[in-house]
1. On alpha-carbon atoms, Rg over Rh for region 110-178 using Kirkwood Rh?
2. Give the label of the value calculated from the structure for mean projected area of the Cα convex hull in nm², choosing from [x] 11.6; [y] 14.0; [z] 17.3.
3. When the chain is modelled as a GNM with alpha-carbon springs shorter than 10 Å, which of E131, E37, E112 fluctuates the most?
4. Under a Cβ-only charge scheme (Lys and Arg +1, Asp and Glu -1), can you give me the dipole magnitude of the chain about the Cα centre, in debye to the nearest 20?
5. Using 0.36 nm times the number of residues separating A59 and R96, minus their current alpha carbon distance, what extension gain do you get?
6. Counting each DSSP H run of 4 or more residues in the chain as -39500 (n - 2.57), what helix-only mean residue ellipticity at 222 nm follows after dividing by all residues, to the nearest 500 deg cm²/dmol?
7. Taking all protein chains as present, what is the carbon and sulfur share of the accessible area of region 26-93, in % to the nearest whole number, probe 1.4 Å?
8. Counting only heavy atoms of protein chains, what accessible area per residue, in Å², does region 59-178 have with a probe of 1.4 Å?
Amino acid sequence: MPTARPATPAQTYRRLLGFARPYRAWLGIAALAMALEATSSYYISRLLKPIIDGLADPAAFNLWLPVLMVALFIGRGFFGLAGDYTMARSGRGVARDLRLLLMRKYFRLPGERFDAEPVASMLTRLGGDTEQVAQAAVDALKVMISASLMTVAMLWAMLSTSWRVTIALLLLAPFLVW
């Protein structure tokens, strides 16, 4: 009889994402908040040039630029908070669903099973392990989306400021790191 092969990390993560399916609306709001956070970061970096140029020539300095910069920082903070809150809410929901699933399995186990395993171990699995699994699923998704959007926004800011310098930096970066 052939033995079953263990699941690959990608298969395991796909299975975990299946538990997040009921929370798609919250995850969609989180993705939108992260996109708006990246957009505000883009505009903050774009506003630095006129502010720095205005400091070099005080007659051309526009007083509304620092006000707009502060407003963008506040917006970025709000969108970051909204993204974190909605991702955390989704993670708590996934953890609750995993606990309920595990409790249903515990209720169907024969009594001898409870004699074979310490209760403390079962409680740890019920409380801590489900929480860690849920957080791993949601945090990995958050980092993937947030970091990708921020990278695209900053790369776009660099390209729109000076595409020649950006390409030179991208070509020289591996040599500079080495």
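The values are calculated or read from the model by the stated rules, or taken from the named source; none is laboratory data. From a predicted model like this one, the values you see are computed outputs, not experimental measurements. Note that we place each Cβ from the backbone using ideal geometry, even for glycine, and neighbour counts take in every protein chain shown. Please note that ligands, DNA and RNA were not included when accessible areas were found on the heavy atoms of the full protein model with its side chains. Shrake-Rupley method; radii C 1.70, N 1.55, O 1.52, S 1.80 Å.
1. 1.46
2. [z]
3. Maximum fluctuation in the GNM of the chain, among the listed residues, is at E112.
4. Working: 19 positive and 11 negative charges, 140 e Å.
I would put it at about 680 debye.
5. Separation in residues times 0.36 nm, less the Cα-Cα distance, equals 7.3 nm.
6. -29000 deg cm²/dmol
7. About 75 percent, which is the carbon plus sulfur part of the accessible surface.
8. Per residue, region 59-178 has an accessible area of 69 Å².
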